[in-house]
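The values are calculated or read from the model by the stated rules, or taken from the named source; none is laboratory data. In this text the structure is predicted, and so the values were computed from the model without any measurement. Because the Cβ atoms are built from the backbone with ideal geometry, glycine has one as well, and the counts that use them run over all protein chains shown. Accessible surface is based on the protein model in full, side chains and every heavy atom, while ligands, DNA and RNA are left aside. Shrake-Rupley method; radii C 1.70, N 1.55, O 1.52, S 1.80 Å.
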Amino acid sequence: MAQETIFEKILKKEISAAVVYEDDHVLAFKDIHPQAPVHVLVIPKTKAKNFSEMSRWAPNDTGEFVNRIGIVAEKLGLERQGYRVVFNCGEYGGQTVDYIHAHILGGKPLNISMA
Ligand code: AMP
């Protein structure tokens, strides 16, 4: 059996996190090493390893996840000035935790570097 990721432990409340939003579909919490004044991770309660695996979900389920990312960004007060949503996928994408997560970054103008 694949080893449980740290995010599954956070979902099960075995490890604490600074939770900013939770509902039936997602949990959102502050990144422990923030890269911007606001840096929150949104994870779905349905497991997917990464973006590629999530893209094979039924469209409704993908839509619920995307919808919640927008709701969290709004609740964080980021809508007016804007923000960035990032999914790192796999080794070359820089993914370090094998449980899909959306990074929401904001609170300052972000540079446009892609690499
Ligand atoms: P990625 O590189 O896209 O896989 O991002 C993983 C993110 O998870 C990194 O930005 C880490 O800082 C963050 N992270 C790792 N462990 C924790 C934790 N226990 N609580 C909050 N964020 C974490």
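Ignoring ligands, DNA and RNA, how do Leu11, Leu78 rank by accessible area with a 1.4 Å probe, largest first?
I get Leu11, Leu78, largest accessible area first.
Relative contact order (percent) for the range 6-106, with alpha-carbon contacts under 8 angstrom and 6 or more residues of separation?
After rounding, I find 32 percent.
With every protein chain left in place and a probe of 1.4 Å, what is the accessible surface of Lys45, to the nearest 10 Å²?
Number for this one is 80 Å².
Before I look further, what does the range 6-106 give for accessible area per residue, probe 1.4 Å, in whole square angstrom? If you can, show how the numbers build up before the last one.
Values: 5940 Å² over 101 residues.
Result: 59 Å² of accessible area for each residue.
Shape verdict for the range 48-110, please, from the Cα gyration tensor: rounded (a/c under 1.5), prolate (a/b greater than b/c) or oblate. Present the calculation step by step, with values, prior to reporting the outcome.
Working: a/c = 3.00, a/b = 1.37, b/c = 2.19.
Oblate is the answer for the range 48-110, as a/c is 1.5 or above yet b/c matches or exceeds a/b.
Can you put Arg84, Arg56, Arg68 in order of accessible area, largest first, using a 1.4 Å probe?
Arg56, Arg84, Arg68
Classify the range 6-106 as rounded, prolate or oblate from the Cα gyration tensor: take a ≥ b ≥ c as the square roots of its eigenvalues, call it rounded if a/c is under 1.5, otherwise prolate when a/b beats b/c and oblate if not.
The shape class here is rounded.
Once ligands and nucleic acids are excluded and a 1.4 Å probe is used, how much of Tyr21 is accessible, expressed in Å² to the nearest 10?
Using a 1.4 Å probe on the heavy atoms, I get roughly 40 Å².
Counting only protein heavy atoms and using a 1.4 Å probe, what share of the accessible area of the range 6-106 belongs to carbon plus sulfur, as a whole percent?
Working: 2880 of 5940 Å².
Carbon and sulfur: 49 percent of the exposed surface of the range 6-106.
Say each of Gln81 and Lys30 gets a label point 7 Å from the Cα, pointing the same way as Cα to Cβ; how far apart are those two points in nm?
Modelled inter-label distance: 1.6 nm.
Taking the chain as a Gaussian network, Cα atoms linked when under 10 Å apart, which of Gly82, Gly94, Gly70 shows the biggest mean-square fluctuation?
Gly94
Taking Cα atoms, how many degrees apart are the long axis of helix 59-75 and the longest axis of the chain, rounded to 10 and kept between 0 and 90?
The angle comes out at about 40 degrees.
Applying the Karplus parametrisation 6.51 cos²θ - 1.76 cosθ + 1.60 with θ = phi - 60° to the phi angles of the range 81-90, what ³J(HN,Hα) value in whole Hz is obtained for each residue in order, glycine and proline being reported as x?
8, x, 6, 10, 10, 10, 10, 8, 10, x
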